[in-house]
4 protein chains.
Amino acid sequence: MKYNFLDDYSEGVHPEILRYITDHNDGQQLGYGHDAYCALAAHRITEAFGVPGADVHFLPNGTITNVTGLAAMLKPFEGVISPSTGHINVHEAGALEATGHKIIWVDSPDGKLTPDLIDEALSRYHDEHTVVPRAVYLTQPTELGTAYTKAELTEVVADAKRKGLLVYVDGARLPMALAVPALDLTPKEFGALGLDMFYVGGTKNGGLYGEALVITNPDLKPNFRHHMKQRGALMAKGRFMGLQFARLFDSDNLWLSLGDNANRQATRLHAGLQELGVKFDVEPVTNQLFPIMPDPLVKRLSEDFGFFEWQPLDDGHTMIRLVCSWATTSSHVDDFVAAVRSALALT
Amino acid sequence: MKYNFLDDYSEGVHPEILRYITDHNDGQQLGYGHDAYCALAAHRITEAFGVPGADVHFLPNGTITNVTGLAAMLKPFEGVISPSTGHINVHEAGALEATGHKIIWVDSPDGKLTPDLIDEALSRYHDEHTVVPRAVYLTQPTELGTAYTKAELTEVVADAKRKGLLVYVDGARLPMALAVPALDLTPKEFGALGLDMFYVGGTKNGGLYGEALVITNPDLKPNFRHHMKQRGALMAKGRFMGLQFARLFDSDNLWLSLGDNANRQATRLHAGLQELGVKFDVEPVTNQLFPIMPDPLVKRLSEDFGFFEWQPLDDGHTMIRLVCSWATTSSHVDDFVAAVRSALALT
Amino acid sequence: MKYNFLDDYSEGVHPEILRYITDHNDGQQLGYGHDAYCALAAHRITEAFGVPGADVHFLPNGTITNVTGLAAMLKPFEGVISPSTGHINVHEAGALEATGHKIIWVDSPDGKLTPDLIDEALSRYHDEHTVVPRAVYLTQPTELGTAYTKAELTEVVADAKRKGLLVYVDGARLPMALAVPALDLTPKEFGALGLDMFYVGGTKNGGLYGEALVITNPDLKPNFRHHMKQRGALMAKGRFMGLQFARLFDSDNLWLSLGDNANRQATRLHAGLQELGVKFDVEPVTNQLFPIMPDPLVKRLSEDFGFFEWQPLDDGHTMIRLVCSWATTSSHVDDFVAAVRSALALT
Amino acid sequence: MKYNFLDDYSEGVHPEILRYITDHNDGQQLGYGHDAYCALAAHRITEAFGVPGADVHFLPNGTITNVTGLAAMLKPFEGVISPSTGHINVHEAGALEATGHKIIWVDSPDGKLTPDLIDEALSRYHDEHTVVPRAVYLTQPTELGTAYTKAELTEVVADAKRKGLLVYVDGARLPMALAVPALDLTPKEFGALGLDMFYVGGTKNGGLYGEALVITNPDLKPNFRHHMKQRGALMAKGRFMGLQFARLFDSDNLWLSLGDNANRQATRLHAGLQELGVKFDVEPVTNQLFPIMPDPLVKRLSEDFGFFEWQPLDDGHTMIRLVCSWATTSSHVDDFVAAVRSALALT
């Protein structure tokens, strides 16, 4: 196989991060996140987002971060509003429900929530016989590769807060969203939105493992480490997550430049495919593309490249998912476009 | 207020049932359902449905019956497919999710599941990152007052079983469905469908409290009383539920005649309203009607009658819910129709 | 069998309660506890305990009351301290754990908690790696038939509150405890203890089913009906529990006189057995006796009487449990004592 | 501070493991444990334990491994028997209870289970009102630093299986136990015991993070990855856990030599302290020591060394915990012993 566009976690760890770990591996550090590197990483993260009083915790993966964070927000009878395509709703094997909470999902063609969709969710739940919607789950960028503009995100966050809802943002790929110039959203503007909790992902942005959860709502801070411990999210050697994020958020803003590379290569890939007449259902914004291709072409490409067959369509076409990452190079992209070109020339 | 069409549990207990309890109140009986009356009622129920080997348990209400029955069917990562309007999905305050399981709901305009809707649900969940759909939740009649015909129910049950799914039927109002001649479905035919579990309601059909859960799938029988105890569904004085169901399923088939009365009065009410030009969104089949009325008429009627304002519509109309019960009489119905007639005459 | 001393729920319902239900069966009442009888019963209960601002809810049985009440007090990582013999710890099939909470049990020979035992429990749990003890579960009288005196209960409640713990009292047999003159504890004194939540049982004191949960802590009142609905504890025809408790707490204090009968017959039984030389491990205070008898005597008695073989002892003796109830008469007791006497005479 | 004997996870990662990761960081691998390194590590682990057909999964930490493994063994009403000092019982913040299961704990002075203690646990739970004990949780070595000999472990495992219980071994420090010559237990003998599930720890034995769970019981294998995903235990970049364990289980048996170093240094430390007259409550076997020291000595030592004050004793003494690790050297130990010697000389 020439190259795999399956996802953004098939690559190893970015060399700079590995070097930083190697350089700071010696010596003892307190366990369970009480080490100097977690403190340093937390400081750099609160600086980057302009949220000086926030608590920052490091958890091993996205699912456990979502579950620990959201469940800590909710009383037993409360639920969380999510787009139907939300990661918690479709790709976490019922992890949130396993903590006892309902996901109140609403259909959203582009994976985003809006004030109207929140209203639709609220309209279904109104008395003591129903779950109480208490929080809103957003993903930036979404699972469909789209992303909220600054205006859209500002509006939906303000709307949710007006309606008494807490706001949680799943930022597994937040670095990609914040690296898109067209979205016009800086990290500090993102931090100033008044989110109650959000996380910024390391796993999909060059790290070994681990996500950084930021809690800005003071009511949600106490005892959060108890929640983490109970959900199995408290890592004994937290120092290694601290080291990864300390490096990602160092003064060269590695976290944003890695996101930027993923986006740029996706943009190049998109342009190349569009030039060849390939159609896209959703206009790509970050590092995920969903081109629609004739089934024979999909079959041909799958001999040389890895990608996910996202959804079979009715008319002999399939929507596939192509993901670029911090490690994708121009030649990977060029190879794929060339392969499409020559396959189309054969037909 | 003249009369309340709010629901079918605003009335007391049917006099025959109360008499039966009074007549058999003396003396001691073993606790927790090990009494003679539970045995008698179980026997009569298995006879009525033609399921001689089935286990029958008595639980205090519908929500706890659904939760105990469904959770006992599922491994932690498994979910249950339900119409979006299913009682477990909207009117049980997240009770099933509180046991850790996802409800996989699909939109159904008439509240019924079909093979196509099951396919839609299955298509969303296919690998280790998703919940595994394991069971199907049907309501007969549905929460919208519609009901499966024999052909429809046979088809959807056979389809679900072919797809490896367990089938659970919520029969809170099952007596009403089985009392509708047009559905062409006898209790024995219902029992022969091959359902894995179903319950027949007492609360909404003249009882004090309690539902009878019938387990026909032998794999689901062992330790079911442990599940009941753990969910708080095992009643110390089970004898009183045994007595109610022994009387309901006595040779005069009181359970069916009470359902029949509820249906008949609803049919009369429907005819009377239709004659006055009132529109219905869903064609009523059992004892629940959902007429659409102008808001001023709704307001006028609410001064003298109780009913639930189900859904505000866009154009100055409201869909209301009118429920007839085992205790509704012809004069209750006539009063309501007369009130509509005179209100319409005023406008 | 002559008579069954197995428990206090083998009898039917007290005739006065059944009459009251029959007299108030006609007519419609709002569902789900919004009826006039629940309101009346709640009023009478708050009067009896001198807690005018308390919320009163009616739930179908003891296990679901314990689970709903305690789980509503606790955050996910919090646990409840209980004597090892506590009903929640040994006889509810893990119902509280099924809501996600740990029971922190301490060994107590007489079934009571003390400040020292609370300290022992607290000493085990002290950092973010452990459950946080948040509430104390007491039973009055205990599962061993013992009961807290006014002084004991006052001390342990004050101690728990000083330590920042919430206090919950399981009163499945509270009427028996409050009917014991020697305990010197009136209902109003009980109500003035500052408990956060307690329930008074109907099932074991002459009712059909149902327990009355009293919430005095204002922080625990909001949304409690959501908790009830989610746990399956909200009964559609709540009126029948309202009727039972309205009658029990009517001006003749039926609830206390039924408890008093159970106690008196147990005292007579105790005196009769003691006169015959039968030993008791725990000194009985209310309506449960735990005599120790030689195995052949136990075998002989079990031919004519029902009772629970509580615990086999090492030396050919067995501790049995004898329970008197509101329905036990002097002749039931005399028969049993006579049977013991004649069996002993044979040996 | 000179050196920290707090635990075995304060150190970084062993240089050989870090080098192995660095050497195999390039290139793409399938996500979620489908990579070549997880396969290699799994192969080496099954070889080492002589369990060729076993499934091996890699999870990020011990708590989530215990929770995922044990919860997958249990039906909702089933519980697990554990010594009171078991990690799941006291140091996981109620994580297992959060999945709905009761921990049935029994007091064990040395942290081990025995057939008698299993009987004691079983005797408490016997009918439908109680939890059903279904599994046994053992730790090798225990949380108190003791360890089962081959004979003890063989006996308790056989006894549990005879009683119909599943057996789970928490091996967070299994390498230390298997490296103790006196225990006479080889990895292959351990593998041949017939355990249903066990894990071998990486975090406490030189790794960055991650534990290897081995499932030998074929009934527990299906859908285990669904359980992992739902509990948040499925890591996207599983390759890095695969790499760590592939190196630990390489032909030089690094996993055992690291455990051996931890044990040896603990033995030296024990000998040095004993020579100075320090007493020990439990005789140490592996890498954890629990010396009892006068409080002034504890205070003096804490100025230069890190350790955990395990338990205050009544008479002005404190039991402390000293842990040696793969990284502890002879000079660390000598420094500590010298510090004790000079402190004692001062008094």
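A dipole drawn for chain C from +1 and -1 charges on Cβ atoms has a positive end, and of C:Q288, C:V298, C:G242 the residue lying farthest that way is C:G242. For the set A:K2/D:K229; A:K102/B:K188; B:K102/B:K221; B:K161/C:K237; A:K75/B:K161, the pairs lying more than 32 angstrom apart at their alpha carbons are A:K102/B:K188; B:K161/C:K237; A:K75/B:K161.
Counting Cβ atoms of other protein chains within 10 Å of each residue's Cβ and taking the mean over peptide D:51-62 gives 2.
Taking the Cα centre of segment D:104-211 as reference, the dipole from Cβ charges on Lys and Arg (+1) and Asp and Glu (-1) amounts to some 360 debye.
Each of A:D314, C:D26, A:D334 has its accessible area taken with a 1.4 Å probe; listed largest first, they run A:D314, C:D26, A:D334. For B:D23, the point set 7 Å out from Cα toward Cβ sits 2.4, 8.8, 9.1 nm from its twins in the other copies, listed from shortest up. Neighbouring Cβ atoms from other chains, within 10 Å of the Cβ of residues in B:2-13, number 5 on average.
Relative protection proxy for C:104-113, C:60-69, from highest mean packing down: C:60-69, C:104-113 (other beta-carbon atoms within 10 angstrom). Here the Karplus curve 6.51 cos²θ - 1.76 cosθ + 1.60, taken at θ = phi - 60°, turns the phi angles of segment D:225-231 into couplings of 5, 5, 4, 4, 4, 5, 8 Hz, with x standing for Gly and Pro.
What does the charge count near A:D304 come to, summing +1 for each Lys or Arg and -1 for each Asp or Glu among other residues with Cβ under 12 Å from its Cβ?
In short, +1.
Tally Lys/Arg at +1 and Asp/Glu at -1 over every other residue whose Cβ is under 13 Å from the Cβ of C:A151; what's the total?
-3
Counting only Cβ charges, +1 for Lys and Arg and -1 for Asp and Glu, the dipole size of the protein assembly as shown around its Cα centre is about 0 debye.
Along segment D:93-102 the Karplus relation, 6.51 cos²θ - 1.76 cosθ + 1.60 evaluated at θ = phi - 60°, assigns HN-Hα couplings of 6, x, 5, 6, 4, 5, 8, x, 10, 7 Hz to successive residues, with x for each Gly and Pro.
For segment C:107-147, backbone nitrogen atoms closer than 16 Å to the point 7 Å from C:D184 Cα along Cα-to-C-beta are found at C:147. With the biggest extent put first, the Cα atoms of segment B:122-180 measure 44, 20, 15 Å across the principal axes.
For D:D250, inter-copy separations between label points set 7 Å beyond Cα along the Cβ vector come to 2.7, 8.3, 8.6 nm, shortest first.
Assuming R0 = 22 Å, what is the FRET efficiency of B:S251 and B:A192, from their Cβ-Cβ distance, to the nearest 0.05? Mind showing how you got there, number by number?
Values: r = 21 Å, r/R0 = 0.97.
FRET efficiency, B:S251 to B:A192: 0.55.
For chain C, with a Gaussian network of springs between Cα atoms less than 10 Å apart, report the residue from C:S325, C:S84, C:S251 with the top mean-square fluctuation. Of C:S325, C:S84, C:S251, the Gaussian network model singles out C:S251 as fluctuating most.
Based on DSSP, what percent of beta bridges with both residues in the protein assembly as shown are antiparallel, to the nearest 5? Of those bridges, close to 50 percent are antiparallel. For the peptides A:90-100, A:9-19, residues were scored by their other Cβ atoms within 10 Å and the scores averaged per peptide; the highest-first order is A:90-100, A:9-19. For D:D119 and D:E283, a Förster radius of 30 Å and the Cβ-Cβ distance give a FRET efficiency of 0.70, rounded to the nearest 0.05.
Residues with beta-carbon under 13 Å from that of A:A262, excluding A:A262: net charge, scoring Lys, Arg +1 and Asp, Glu -1?
Details: positive: A:R173, A:K204, A:R264, A:R268; negative: A:D7, A:D8, A:E11, A:D260.
Neighbour charge sum, excluding A:A262 itself: 0.
Summed over both chains, the contact between B and C buries some 3800 Å² of accessible surface at a probe radius of 1.4 Å.
The mean number of Cβ atoms from other chains found within 10 Å of a Cβ in peptide A:207-220 is 2, as a whole number. Express as a percent, rounded to the nearest 5, the fraction of DSSP beta bridges in segment A:142-243 (both residues included) that run antiparallel. About 55 percent, rounded to the nearest 5. Dividing the summed -39500 (n - 2.57) terms of all DSSP H runs of n ≥ 4 by the residue count of chain D sets its mean residue ellipticity at 222 nm at -11500 deg cm²/dmol. Taking the Cα centre of segment C:1-138 as origin and assigning +1 to Lys and Arg Cβ atoms and -1 to Asp and Glu Cβ atoms, the resulting dipole is close to 120 debye.
Put simply, the amide H of D:G33, placed in the peptide plane, has neighbours under 5 Å in D:G238, D:R239, leaving out anything fewer than 5 places away on its chain.
Considering every Cα-Cα pair within segment C:26-149, what fraction, in whole percent, is farther apart than 16 Å? Result: 68 percent of Cα pairs exceed 16 Å. For the protein assembly as shown, the carbon plus sulfur part of the accessible surface works out to 52%, probe radius 1.4 Å. Relative to one another, the C-alpha centroids of segment C:111-131 and segment D:6-53 are positioned 41 Å apart.
One residue of chain D places its C-beta nearer than any other to the axis carrying D onto C; that residue and its whole-Å distance are D:E97, 2. Here chain B carries DSSP beta bridges of which approximately 50% are antiparallel, counting only pairs with both residues inside.
The values are calculated or read from the model by the stated rules, or taken from the named source; none is laboratory data. Bear in mind the structure is a predicted one, so any value in this text is a computation, not a measurement. With ideal geometry, Cβ positions are generated from the backbone for all residues, glycine too; neighbour counts draw on all protein chains shown. These accessible areas exclude ligands, DNA and RNA; they are computed on the full protein's heavy atoms, side chains included. Shrake-Rupley method; radii C 1.70, N 1.55, O 1.52, S 1.80 Å.
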